[in-house]
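Here's the structure, in structure tokens; my notes come after.
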Amino acid sequence: MLTERQELILKTIINNFTQTHDPVGSKTVMNQLPIKVSSATIRNEMALLEDKGLIEKTHLSSGRLPSTEGYRYYLDNLVEPLRLPASVYDRIMLQFSQPFHQVNEIVQEAAKILSNLTNYTAFAEGPESNSLTITGFRIVPLVNRQVMAILVTSDGNVHSQVYRLPYNIGGDEVEKAVRMLNDELVGKTLNEINPSSLSQDLSEKFGLHHITELIELVEDVVKEATSEQMYVDGQLNLLNNSSLSDASSLKSLYELLGHEDIVSNLMTNVMNSSDSHSPIRVSLGSELSNDLLKDYSLLTAEYSVGSYGKGIIALLGPNNMPYSQVIGLLEYFRNELAKKLLEYYGRFK
């Protein structure tokens, strides 16, 4: 652990570097410290901080930069979330005040709001769907034997998939199957549906031919309904903070955001790997599992919607981001998102 004076100096260096992105010298620290200390004492303390690996000297000036270890010490011991300006509160409330017709619309808007407020890349994952029940199932004919399977869940979300039916399945058989499927599906949670046993039960009970093909429709649309939808906004913002110079690395960095499973696992791992009980977790680039993200930090926040489950929001930005402001934003925003979702779910009680 550092002395109180060393902590003040480290905090001053990080705050100054966040604002200017320039190395910080002892004179700057002396002028900004809340206590009176001589420049010689500050230089000695900065040398000790450098020996501890918390700050680094650059080759271009006598100033110091915070190191990864310095940022980690700051985040674990010194960072203090800042209260947001009133204009930011108003902006969040305004964008959340629009009418939403599905949960996914709210979650998608959350990613957009976070990205717009920070100019970083934002991620939002909806709450778990374990408690959702099925309220209706339909198969709507389109053209050329194409049909759309539609599944409606208790949160008002509509999930659909388009298929082409085999020629040996007739319209009457489809209608009969839909009636029977509704009897079997409505009122059950998504996790209670077992397509294999469902196919066997319907075949035995109702003697439906080719029921396997129709069950496949149900299986696919249920999978779509239970998959956690990940929304990303502000992808190009990630490139603004990149130190990558070659086109192939920039392309790989951008493509990384298109892999929802990778991003989702990254966020989940951050939430699970930390011993902290804080709802906001920060992983510096060197702590992330992908070398393309070495110059970035991932801030992850969990939000709870009561019995409807938990979701995750996250921001990916530069290592030298203003952590106090961003953590303060995420703390407020996760609660507002939860309130908006609870308000939405309340319409279906």
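The values are calculated or read from the model by the stated rules, or taken from the named source; none is laboratory data. As the structure is a prediction and not an experimental result, all values here were calculated from the model. Positions of Cβ are generated from backbone atoms using ideal geometry, with glycine treated the same way; all protein chains shown enter the neighbour counts. Only protein heavy atoms, including side chains, enter the accessible area calculation; ligands, DNA and RNA are left aside. Shrake-Rupley method; radii C 1.70, N 1.55, O 1.52, S 1.80 Å.
Order these peptides, 77-85, 283-291, 34-42, 215-223, by their mean beta-carbon neighbour count within 10 angstrom, highest first. Mind dumping the intermediate values first?
Working: 77-85: 14.2, 283-291: 16.2, 34-42: 11.4, 215-223: 19.1.
Result, highest mean Cβ count within 10 Å first: 215-223, 283-291, 77-85, 34-42.
Relative contact order, percent, of the range 4-78 when contacts are C-alpha pairs under 8 Å separated by at least 6 residues?
After rounding, I find 35 percent.
Distance between Cα centroids, the range 108-126 to the range 277-349: provide it in whole Å.
The range 108-126 and the range 277-349 have Cα centres spaced 10 Å from each other.
Express in Å², to the nearest 10, the accessible area of Arg145 obtained by rolling a 1.4 Å probe over the protein heavy atoms while all chains stay in place.
Rounded to the nearest 10, that gives 80 Å².
Which value, in Å², gives the accessible area per residue of the chain when a 1.4 Å probe is used on the protein heavy atoms?
Numbers: 17680 Å² over 349 residues.
For the chain, the solvent-accessible area averages 51 Å² per residue.
If you take the charge dipole of the range 4-78 about its Cα centre, with +1 on Lys and Arg Cβ and -1 on Asp and Glu Cβ, which of Thr41, Leu78, Leu65 is farthest toward its positive end?
Thr41
For the chain, what does the alpha-carbon gyration tensor say about shape, rounded, prolate or oblate, given a ≥ b ≥ c as the root eigenvalues, a/c under 1.5 as rounded, and a/b over b/c as prolate? Intermediate results must be reported in sequence, preceding the final value.
Details: a/c = 3.23, a/b = 2.64, b/c = 1.23.
Prolate, because a/c is 1.5 or more and a/b exceeds b/c.
Calculate how steeply helix 260-273 sits against the longest principal axis of the alpha-carbon atoms of the chain, using the helix alpha-carbon long axis, and give the answer as 0 to 90 degrees to the nearest 10.
The answer is roughly 60 degrees.
Once phi is turned into θ = phi - 60°, what whole-Hz ³J(HN,Hα) does the Karplus curve with 6.51, -1.76 and 1.60 give for every residue of the range 21-34, x standing for Gly and Pro?
So the Karplus estimates, Gly and Pro as x, are 6, 10, x, 10, x, 5, 5, 4, 4, 4, 6, 9, 5, x Hz.
What is the packing order of peptides 91-99, 320-328, taking the mean over residues of other C-beta atoms within 10 Å and listing the highest first?
Details: 91-99: 12.4, 320-328: 20.2.
With the highest mean Cβ count within 10 Å placed first, the list reads 320-328, 91-99.
Rounded, prolate or oblate: which fits the range 21-160 when a ≥ b ≥ c are the square roots of the eigenvalues of the alpha-carbon gyration tensor, with rounded for a/c under 1.5 and prolate only if a/b beats b/c? Walk me through the intermediate numbers first.
Numbers: a/c = 3.88, a/b = 3.08, b/c = 1.26.
It is prolate, given that a/c is not under 1.5 and a/b is the larger ratio.
Rounded if a/c is under 1.5, else prolate if a/b beats b/c, else oblate: with a ≥ b ≥ c from the C-alpha gyration tensor eigenvalues square-rooted, which is the range 4-78?
Rounded shape, in that the Cα axes give a/c under 1.5.
Out of the total accessible area of the range 296-338 (probe 1.4 Å, heavy atoms of protein only), what percent is carbon and sulfur? Intermediate values should be presented prior to the final figure.
Values: 460 of 1030 Å².
Looking at the range 296-338 in its full context, I get 45 percent from C and S.
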